[in-house]
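*Asks:* Encoded as structure tokens, here's the structure I'll be asking about.
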Amino acid sequence: MTAQLLHCAPHPGRDELRLQLERMCRSGQTGEEAGPIALPTGFAQLDAVLPGGGWPVGAITELMPDAQGIGELSLLLPALAQLSCAGRCIVWIAPPCLPYPPALARHGLALEHLLLVQARDAQTRLWATEQALRCPAVGAVLAWPAALDERRIRRLQLAAEAGGSCGLLYRPPAAAQQPSPAALRLRLQALDAGLRIEIQKARGGRAHALVVHPAAAICA
């Protein structure tokens with residue numbers, strides 16, 4: 001089994017992506033029952049200090065690692081596995097490195113519910129991110145936007161609220177110096193003991209710092 005792969009070009013690619021998301025939305029859950037306000041991260045120590053006890057649902061989270069490849073993706077894998085095994089789609093927007101399906105499967109992700117969007121330019125990436133966030137069949141959207149300002153983040157926040165998904169944006173360290181309407185902002189730093197997480201902003205919470213290790217994830 002392999003992850004779904006969709007190449008999104010500036011013009012015809014948009015139509016293709018829109019049609020695929022529309023099919024997903026028609027088959028997704030669209031009931032009126034309110035969902036949870038947070039998705040458990042799989043790390044008890046982290047859940048204990050996050051408002052609602054996990055990744056905010058229907059909102060944007062910004063993750064700002066000091067460098068790529070320090071474990072910034074492993075922090076999300078338990079939650080993504082929970083969503084995908086529940087039948088929710090996980091959309092990846094232009095990741096810097098292609099996800100390796102066997103490794104994701106070993107972490108419990110249901111590969112048939114993964115959608116990879118390869119966008120050619122920054123504008124198309126933002127458009128694809130917003131469209132995916134608005135789809136109720138999507139549980140989480142991971143995106144690596146080239147540049148963002150408050151207005152664009154606010155649009156993505158509104159899209160996440162409309163779709164009820166987790167918007168997870170990987171941003172460079174310098175973004176921590178910029179204001180943002182995101183519900184949660186985390187700075188990530190690699191340490192010998194694991195991953196140091198600094199909660200720079202948490203809606204309804206407070207600043208905090210802790211160290212977690214990917215091996216400490218709680219299996220759902």
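*Asks:* Let me see the pair-distance distribution of the range 88-220: every alpha carbon pair, 10 Å bin width, integer percents in order.
*Replies:* Distribution as computed: 11, 36, 40, 13 percent.
*Asks:* Please compute the net charge surrounding Cys85, taking Lys and Arg as +1 and Asp and Glu as -1 over other residues with Cβ under 15 Å from its Cβ.
*Replies:* In short, +1.
*Asks:* If I histogram all Cα-Cα distances within the range 33-122 using bins 5 Å wide from 0, what percent of pairs lands in each bin?
*Replies:* For the range 33-122, the binned pair fractions read 3, 12, 20, 25, 22, 13, 4, 1 percent.
*Asks:* Calculate log10 I(q)/I(0) of the range 111-185 for q = 0.16, 0.20 Å⁻¹, where I(q) comes from the Debye formula with a single equal point scatterer on each Cα and nothing for solvent.
*Replies:* -0.55, -0.85
*Asks:* Same structure again: Count the net charge of all other residues whose Cβ sits under 14 Å from the Cβ of Ala146, scoring Lys and Arg as +1 and Asp and Glu as -1.
*Replies:* Charge balance near Ala146 sits at +2.
*Asks:* Now for a separate question. Which of Cys89, Cys166 comes first, and how do the rest follow, when ranked by fewest Cβ neighbours within 10 Å?
*Replies:* With the sparsest Cβ surroundings first, the list reads Cys89, Cys166.
Every number in this text was worked out from the coordinates using simple rules, so none of it is lab data. The shown structure was predicted, so the numbers you read here are calculated from the model rather than taken from an experiment. When we count neighbours, we look across all protein chains shown, and the Cβ atoms used for this are built from the backbone with ideal geometry, even at glycine.
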